[in-house]
1. Report the Cα-based extents of the range B:201-277 along its three principal axes, largest first, to the nearest Å.
2. Check which residues have an amide H placed less than 5 Å from B:LYS36's amide H, if you skip close sequence neighbours.
3. Read phi for every residue in the range A:28-41 and hand back ³J(HN,Hα) as whole Hz from Karplus 6.51 cos²θ - 1.76 cosθ + 1.60, θ = phi - 60°, with x for Gly and Pro.
4. Please report Rg over Rh for the range B:69-183, where both radii come from the alpha carbon positions and Rh follows the Kirkwood definition.
5. Give me the Å³ per residue figure for the convex hull around the C-alpha atoms of the range A:102-270.
6. With 20 Å bins from zero, work out the P(r) of the protein assembly as shown over every alpha carbon pair and list the percent per bin.
7. Starting at the first residue of the range B:126-135, write each ³J(HN,Hα) from the Karplus equation 6.51 cos²θ - 1.76 cosθ + 1.60 with θ = phi - 60°, in whole Hz, x for Gly and Pro.
8. Rounded to the nearest 0.05, what FRET efficiency do B:VAL19 and A:TRP76 have when you use their Cβ-Cβ distance and R0 = 56 Å?
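The values are calculated or read from the model by the stated rules, or taken from the named source; none is laboratory data. What you see is a predicted model, and the numbers here were worked out from it, not measured in a lab. Methodologically, a virtual Cβ is constructed for each residue, glycine included, from the backbone with ideal geometry; neighbour enumeration extends over all protein chains shown. For the accessible areas, the whole protein counts, side chains as well, though only heavy atoms, and no ligand, DNA or RNA atoms are used. Shrake-Rupley method; radii C 1.70, N 1.55, O 1.52, S 1.80 Å.
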Amino acid sequence: MSVEAKSVIGNVVENAKSVKIKKKSGIEKKENLTGLLFVSPMLIGVGILTLLPIIATFILSFADWNFIMGIAQIKWVGFDNFKALFENEGFLKSVANNLLFLLTVPLTMIFSLFIAIVIDKHVYMKSYFKVAFFMPYISSIVAIAVVWQVLFNPTDGPINQFLFSIGIENPPTWIADPSFALISVMLIQIWAAIGFNMILFLAGLQSIPKELYEAADMDGATAWDKFKNIMLPALSPTTFFLLITGIIGTFKVFDLIAVLTKGGPINSTTMLVWHLYESAFVDLKIGYASAIAVVLFVFVLIITLLQWVGQKKWVNY
Amino acid sequence: MEKKFTLRKLIITIITFVVSIAFLLPFIWMLSTSFKIEADVFKFPVEWIPTRWNGLENFKEVWLGQYPFALYYWNSIKVTVITTAISVIVSAMAAYGFSKVNFPAGKFLFLIVLTTFMVPQQSILVPQFILYRYLGLFDSHFGLILLGSFSVLGTFMLRQFFMGIHSDYIDAAKIDGAGHFRIFWSIALPIVRPAIATYAILRFIWTWNDYQNPLIFLRTDGLYTIQLAMQKFTSLNGEFYSLIMAAAVSAILPLVIVFIIGQKQVIEGIAMGGVKG
């Protein structure tokens with residue numbers, strides 16, 4: 001989940017400016033109470049279900065504990081859990097896989113931009129195409145993963161049968177092959193994410209004023225010129241937003257792994273959240289899992305901060 | 001200008017159409033397999049239109065068999081509808097409070113709510129799990145519903161819309177003696193109804209498709225939602241691909257319907273907020 005942080009910050013700053021200092025009065029007190037009443041369900045929910053747990057995550061990352069033991073038996077182990085992270089092959093492999101997975105973000109964006117440009121101006125039946133490319137986004141990852149699992153079946157699956165039939169004797173065994181499994185998962189991820197990216201690019205393209213293209217035509221600009229000098233700059237906020245949310249999204253990948261590969265074969269598709277899930281709910285290593293959670297939190301925090309800084313620097317309006 | 005390129009446009013449309021069909025092949029394969037007898041599933045070349053129909057039996061087995069989807073459907077509908085309803089109410093109230101009630105603490109509280117948005121849900125799973133066990137919310141639909149009910153995203157989205165309501169409306173109502181709750185209910189909410197519809201549809205899709213929370217916070221078979229049941233069904237019927245595909249079709253279908261009905265809202269909502277579940 002993410003929202004354009006630029007507008008968030010912008011709004012907050014503006015609001016802060018617009019707050020005028022007023023004298024305290026009965027009306028104001030009443031407004032205060034009413035305001036609190038309106039926002040309190042949200043505040044209580046977020047406080048108990050998000051704020052409290054994130055603090056607990058940090059505290060637990062210094063503990064050695066599991067669900068079965070009583071709270072009294074909690075042991076404090078300092079930075080041991082974090083040290084253990086860097087000695088754990090599963091964790092290191094997860095980080096490496098997460099970094100590789102980043103590749104899906106620009107690839108998805110390139111395909112999506114291309115499709116968006118084509119269906120924005122160059123085709124009939126525009127709404128059919130929107131729905132078609134958007135289908136994977138509304139489908140549940142579980143169902144998608146199950147379907148692809150069968151499609152990727154090494155001997156009987158339609159994909160390999162097709163490859164056999166065109167004369168490829170040793171097609172990859174996809175998710176069964178440690179050196180191909182992650183690539184297979186990445187392919188599915190790209191396929192599933194194209195719709196979302198395309199819709200945002202389309203919205204961006206539609207907001208470009210026609211006059212710009214007309215002016216460019218009069219100057220005899222080529223299609224490439226228009227792409228480079230009109231579309232790309234106009235799409236820079238969208239591009240930047242998709243890049244950031246895409247990167248954050250890759251750090252949260254879980255469903256696909258959990259249903260399709262369970263991190264295997266031999267850890268070849270393990271990723272941060274999968275490793276976290278296994279450590280916490282299979283191995284019951286709460287402290288260690290919390291340390292992973294802290295790392296995940298810090299990764300996402302850094303990227304979010306980068307977004308706030310970068311928004312001003314790199315985005316043209 | 002436009003007319004000159006009609007032929008070109010037609011050719012591009014045809015090419016794009018072929019690409020889109022290739023893109024949708026996994027769905028087409030899923031749908032066609034769900035109507036086949038098991039022996040025909042892996043026939044090659046693929047029979048896109050089954051020669052031997054077994055659809056009725058497949059879906060009957062999925063819906064009423066050992067792992068009855070009827071029950072899991074009901075669970076999913078219950079959880080999804082209630083989560084969506086509560087989430088819309090809580091978010092709309094907070095959004096109104098943060099935008100139209102002028103109270104000093106509001107700005108600060110809004111900042112706090114926004115900062116929680118950065119927290120990836122997976123990084124708080126463990127404490128949430130411990131908390132749920134402690135509060136007795138673990139393994140209950142109520143607990144699952146609560147997890148999806150407090151959406152910062154929804155609050156932020158709706159707040160943008162409430163801010164667009166001119167304060168003259170509200171001042172006029174105040175002069176007429178209406179309180180904030182009255183204004184919220186009879187003036188503000190009706191104005192932002194399209195935004196609420198958009199958010200509700202998105203929340204519906206995300207909750208229906210959620211796999212992670214049910215996986216961690218439910219244990220009893222009878223409470224499973226459709227996504228969880230889908231996965232259990234797959235491991236149970238490992239070799240019966242026609243049944244698995246019938247289950248997959250069943251899991252996706254309601255959303256395809258919601259999407260087709262609310263297509264405009266979904267696409268606009270996604271484009272407008274740039275939101276992602």
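1. Here the spans come out as 42, 29, 17 Å, largest first.
2. Placed amide hydrogens put B:ASN54 under 5 Å from B:LYS36.
3. Values per residue, Gly and Pro as x: 5, 4, 5, 4, 4, 5, 4, x, 4, 4, 5, 8, 5, x Hz.
4. Working: Rg = 17.8 Å, Rh = 16.5 Å.
Computed over Cα atoms, the ratio is 1.08.
5. Details: hull volume 23.7 nm³, N = 169.
Per-residue hull volume (Cα only) is 141 Å³.
6. Distribution as computed: 18, 51, 28, 3, 0 percent.
7. Couplings: 5, x, 4, 4, 4, 4, 5, 4, 5, 7 Hz.
8. On the way: r = 58 Å, r/R0 = 1.03.
The calculated FRET efficiency here is 0.45.
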